[in-house]
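Quick notes on the structure that follows.
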Amino acid sequence: MTVESIRRWCLALGGVTEDIKWDDDLVFSVGGKMFCVAMLEVPHRLSFKCDEETFTELVEREGIIPAPYLARAKWVSLESLDGPMEWPELERHLRRSYELVKGGLTKKAQAAIEAAPRPVSANRRRNRA
């Protein structure tokens, strides 16, 4: 997996925006709140929010640590994109991170995200052609 594949996947979710923070971190947000951070500098690292139980389980695995500065909010960091987990598992965790953050937004903000048209993902575009 690459930062670009993660970027495409995150941007296909409803209401997601991206920006660069802290000079070299690509940040994905929903409703103005972060749910995923990808380090652009090598080695690429990826951080995301978890529920408490998942946080405890993940930080026991090799290559996954409590995310610096965000661990108290139950964020983990993959020390590399090449190892700690395969794409299907990472996709589940990223979707859950998105849902946790979106669920913490006001009902009005959640409704606005649900009502907005979703971008067509790269996979759906290929299937139409």
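The values are calculated or read from the model by the stated rules, or taken from the named source; none is laboratory data. Quick caveat, the model's predicted, so the values are computed rather than measured. Cβ placement follows ideal geometry from the backbone for every residue including glycine, while neighbour counts extend to all protein chains displayed.
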Filter region 14-37 down to the residues that are farther than 18 Å from Leu70 by Cβ and touching a Lys or Arg at 6+ places or on another chain (Cβ under 8 Å), then identify the one that is surrounded by the fewest Cβ atoms within 10 Å (Cβ to Cβ). Gly14
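In region 38-60, which residues are part of a loop (DSSP other than H, G, I, E, B) and under 16 Å from Leu70 (Cα atoms)? Before the answer, list the steps.
First, the residues of region 38-60 that are part of a loop (DSSP other than H, G, I, E, B): 40-45, 50-51, 59-60.
Within region 38-60, Arg45, Cys50, Asp51, Val59 qualify.
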Looking at (1) under 28 Å from Ala109 (Cβ atoms); (2) modelled with pLDDT of 95 or more; (3) surrounded by 16 or more Cβ atoms within 10 Å (Cβ to Cβ), which is the only condition Ala73 fails? (3)
Report yes if Ser97 is of a type in the set (Ser, Thr, Tyr), crowded, with 18+ Cβ neighbours inside 10 Å and out of contact with any helix residue (DSSP H, G or I) (no Cβ under 9 Å at 6 or more places or on another chain), otherwise no. yes
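Go through region 100-113 and count every residue that is crowded, with 16+ Cβ neighbours inside 10 Å and part of a helix (DSSP H, G or I). I'd like the intermediate steps shown before the answer.
To start, the set of residues in region 100-113 that are crowded, with 16+ Cβ neighbours inside 10 Å comprises 100-102, 105, 109-110, 113.
Retained after the next criterion (residues that are part of a helix (DSSP H, G or I)): 100-102, 109-110, 113.
Residues meeting the conditions: 6.
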Looking at (1) over 27 Å from Thr106 (Cα atoms); (2) in contact with a His (Cβ under 9 Å, 6 or more places away or on another chain); (3) of a type in the set (A, V, I, L, M), can you tell me which one Ile64 breaks? (2)
One residue is enough: does region 6-21 have a residue meeting the conditions part of a loop (DSSP other than H, G, I, E, B) and within 11 Å of the chain's Cα centre (by Cα)? yes
Do any residues in region 108-129 that are modelled with pLDDT under 75 have Cβ atoms under 6 Å from those of residues that are assigned to a helix (DSSP H, G or I), where the two are at least six apart or on different chains, and which pairs are they? Ala122/Arg8
